[in-house]
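The values are calculated or read from the model by the stated rules, or taken from the named source; none is laboratory data. Not measured: the values here are computed from a predicted model. Virtual Cβ from ideal backbone geometry, glycine too; neighbours counted across all protein chains shown. Accessible surface is based on the protein model in full, side chains and every heavy atom, while ligands, DNA and RNA are left aside. Shrake-Rupley method; radii C 1.70, N 1.55, O 1.52, S 1.80 Å.
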Amino acid sequence: MKLYNTLSGKKEVFHPRDENKVGMYLCGPTVYDYGHLGHGRSAVAFDVIRRYLIYKGFQVTFVSNYTDVDDKMIVRAEMMKISVKELADKIIPAYEEDYGALGIMKSDIYTKATNHIEEMIKIIEGLEEKGHTYTISDGVYFDVTTFAEYGKLSKQKLDELRAGVRKDLNPEKRNHQDFVLWKFAKEGEPEWDSPWGKGRPGWHIECSAMSRKHLGDDFDIHGGGVDLMFPHHECEIAQSEAYSGKRFVKYWLHNGFIRVDNEKMSKSLGNFFTLRDVYKKFDPQVVRYLFLQTHYRSPIDFSDELLEQSANGLMRVHDFMRRLERYEDDGGEGVDDLLKETEKRFREGMDDDFETPVALAACFDLIRWINGMIDEKTLSQAGKAATLKLVERLDTVLGIFEATTKVDLDDEVEALIQEREKAREEKDWSRADEIRDLLLEKGIQLEDSAGGTIWKKI
């Protein structure tokens, strides 16, 4: 299995630190507002990667965080006239609900920044002892010139770095790129005691402390959106490796942007769509399927049209599952070779840096072949059972074959469908058409084939 390591800039064969165990950390959201499609894209990307590692037999410890103290949270809480904690307590459950609707597996460990202040202070003290910090009027800073490899993740040289430099930059800072580790308290802001006085942590130190506590100084995979590569992940590396003297993370993985009208979707640009807004128009599983159709490192050009196409594709998957589950004939053709080839192609795609489009193509070829056998009534019951078993196994990774929205039929509709089946068997086409139209009025669409009739709500 190979994955693209942002740190090396190339695909590498995956060799975890411990042979069968994988430590994985995902940078989660700052919980000042509801999650948008960009958050969902990152969550799904690393959910699938985690699921595939489990499918491959690895024991995965998956840690993700909530940033629950931050400048944005302070501003939003003040606007809402509530405390920062109250804001976090309101938004975190919404993320859990929205991610759950996307089929995201719950993390093995959820962390909150405010629960790790002690660990952050310990790292800052260690950095201070080693000469990596200095203190000015507004806080304690990391001096990037004391870490020779600063810029190795983003491939930027220190004297060329300009990203993140603001016009209101504190003139007391030694270097433009120096970043704050501990911010001194301001009136009305959350604060904690520290050796340097009351204050709160900087953003970057939070993830270093949380990942270190639960995964150690050196772990396997750190994930996040490509927008976090610099400065956030670059700063994580600098402070973590300067503190421990060890490699921080072996493999850095970054997912691509969601774009709208060729611009990155973001709250700052005002072109973002919350997951909750999208869920009002489309089943969350459609959103998950949309993400899977594009490789996780590539950008997605979002549109309602793309969601409509995804809804149609997902409907094909669910229609296939209904047909397969209702199939009762017992033909004589075996499917073992077909199923082995499908899983082989699925694995080849996923082993190549988690190429979900290739994995999906293998699944859709399987759907096409099995549908043909159902039409011709050549699929055996043993073949049906083996196909369902394979689909169930592959779906532990993809999470799309089992419809998350169950549709139950009332007794009247079920009786009409059975009556129509009987009318078709007796070649009473007039009555069959009459029932079809009646069901359509009730929002039930029927599709006939040699393998039988399937229905779906519209």
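Here are a few things to note about the model shown:
- By the helix-only formula, in which each DSSP H run with n ≥ 4 contributes -39500 (n - 2.57) and the sum is divided by residues, the chain has a 222 nm mean residue ellipticity of -14500 deg cm²/dmol.
- Dividing the Cα radius of gyration of the chain by 2.2 N^0.38 Å, with N the residue count, gives 1.17.
- Radius, Kirkwood style, for the stretch 354-429 when every pair of distinct Cα atoms is counted (Å): 15.4
- If R0 is taken as 60 Å, the Cβ-Cβ distance between Glu447 and Glu187 corresponds to a FRET efficiency of 0.35.
- Nearest-0.05 FRET efficiency for Glu97 and Glu333, computed from C-beta distance (R0 51 Å): 0.70
- Residues listed by number, the stretch 33-48, amide nitrogen under 14 Å from Lys281 label point at 7 Å toward C-beta: 37
- Gyration tensor verdict on the stretch 106-234 (Cα atoms; rounded if a/c is under 1.5, prolate if a/b is larger than b/c, oblate otherwise): oblate
- Among the helices of the chain, those built from whole DSSP H runs whose Cα atoms reach 15 Å or more along their own axis and whose mean Kyte-Doolittle hydropathy is at least 0.0 are 37-55, 117-129, 356-376, 381-398.
- Each label was represented as a point 7 Å from its Cα along the Cα-to-Cβ direction; for Asp218 and Lys122 these points are 1.9 nm apart.
- Taking every DSSP bridge with both residues inside the chain, close to 50 percent are antiparallel.
- For the stretch 13-91, accessible area per residue (1.4 Å probe, heavy atoms of protein chains only), Å²: 40
- Summary of the geometry: the stretch 186-226 and the stretch 280-357, compared by the centres of their Cα atoms, lie 39 Å apart.
- In terms of the mean number of neighbouring beta-carbon atoms within 10 Å, the peptides 220-226, 143-149 order highest first as 220-226, 143-149.
- Trp429 accessible area, 1.4 Å probe, all protein chains in place, Å² to nearest 10: 130
- For the stretch 239-360, the solvent-accessible area works out to 47 Å² per residue, with a probe of 1.4 Å and every protein chain left in place.
- When a 1.4 Å probe is rolled over the protein heavy atoms, the share of accessible surface on the chain that falls to carbon and sulfur comes to 48 percent.
- Sorting Ile205, Ile121 by solvent-accessible area of protein heavy atoms yields Ile121, Ile205, largest first, with a 1.4 Å probe.
- Distance in nm between pseudo-label sites at Ser137 and Leu158 (7 Å out along the Cβ direction from Cα): 2.6
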